[in-house]
Amino acid sequence: MKNMDLNCDMGELPKAIADGTQEALMPSFTSINVACGGHAGDQLTMQTTIEQALRWRLAIGAHPGYPDRKNFGRLELNLSPEKIADSVFDQVKALAEIAARCGARIIHVKPHGALYNQAVHSRRLAQAIATGVARLRSHVVLVGLAGSAMLEVFRQAGFPVAAEAFADRRYEPDGTLRSRKYPDALLSDPAAAAKQALSIVERGVVVASDNTEVAVSAQTICIHGDTPGAPEIAAAVAKTLRQAGVTLTPLSSRG
């Protein structure tokens, strides 16, 4: 019997929180990553998202990104490691304080957007992220791209790590995510996303943009909450994995 965590980035879209779209996603997941004031999110969205997650018994993580709301944290910024560490610390601290007031705790931290993708290639940025988190606490799981050096940096900083793969994103032959500037970067078809998730769990591979197979060994699989048709994608992925005998288990319950 295989175990897998399913995670989703949340607390990013106030409209989705208000109209119930965000909470409608939650039955399909085991962990969520909450935007905490950088690329998106404020005290109200953080608190509401945490309260919703508690109702569904989901593991709660922080999702710090570049402090660039205009570009949703998806534009690469040239910030010093010190500024990145400070920003990550401030964001994770803000979420941790709200979580504590709600009777919850932060289980993991997953960088967002350009910060995540740059840290895949830059040990310096990965170290800055780890430094920022460590100022607050060291007993959280740091999430990073499967097969990337950022996971090694996180481990060397003393953190437990979770290698992440993506059900709704296409890959490049080197195992990195295909840039969103390409029209085929997203897998918005629920069946295609479910097929990729199952391949990750059962075979440890994804089919890259050049149709070659790339090895991907992961402990958690992400589906973005802002991908078109996200509720249908998430439901299809969760159903397909369960039908294949996969136990969906949050990061918080892992040894």
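The table below lists the values:
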quantity	calculated
Whole-angstrom Cα spans of segment 57-145 along principal axes, big to small	37, 27, 22
Gaussian network model of the chain, Cα within-10 Å springs - most flexible of ASP184, ASP86, ASP68	ASP184
Span-rule helices in the chain, defined as complete DSSP H runs reaching 15 Å or more along the axis (Cα) with Kyte mean at least -0.5	43-55, 81-101, 123-134, 190-202, 230-243
Listed residues VAL92, ALA236, LEU25: farthest to the positive end of the dipole of the chain (Cβ charges)	VAL92
Rounded accessible area of ARG155 (nearest 10 Å², 1.4 Å probe)	140
Computed over segment 95-155, Kirkwood Rh from alpha-carbon pairs, angstrom	12.1
Measure of compaction for segment 56-211 (Cα Rg per 2.2 N^0.38 Å)	1.07
Size of electric dipole in the chain: Cβ of Lys, Arg +1 and of Asp, Glu -1, about Cα centre, debye, nearest 20	480
Using a Förster distance of 35 Å, the FRET efficiency for GLU152-ASN71 (Cβ separation, nearest 0.05)	0.75
Rounded D (µm²/s) - segment 121-161, Kirkwood Rh over Cα pairs, Stokes-Einstein at 37 °C, 0.692 mPa s	332
Segment 132-255, accessible surface, carbon-and-sulfur percent (1.4 angstrom probe)	50
Within straight-line cross-link reach of LYS83, lysines at Cα separation under 29 Å, skipping those fewer than 8 residues along the same chain	LYS70, LYS93, LYS110, LYS181
Choice from TYR182, TYR116, TYR66 with maximal GNM fluctuation in the chain (Cα, 10 Å cutoff)	TYR182
Surface per residue (accessible, 1.4 Å probe) for the chain, Å²	43
Unit charges at the beta carbon, dipole of the chain: most positive-side option, GLN127, ALA114, MET10	GLN127
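The values are calculated or read from the model by the stated rules, or taken from the named source; none is laboratory data. As the structure is a computational prediction, the values presented were derived from the model and not from experiment. All Cβ positions, even for glycine, are placed from backbone atoms using ideal geometry, and neighbour counts span all protein chains on display. Surface accessibility is based on the protein's heavy atoms, side chains included, excluding ligands, DNA and RNA. Shrake-Rupley method; radii C 1.70, N 1.55, O 1.52, S 1.80 Å.
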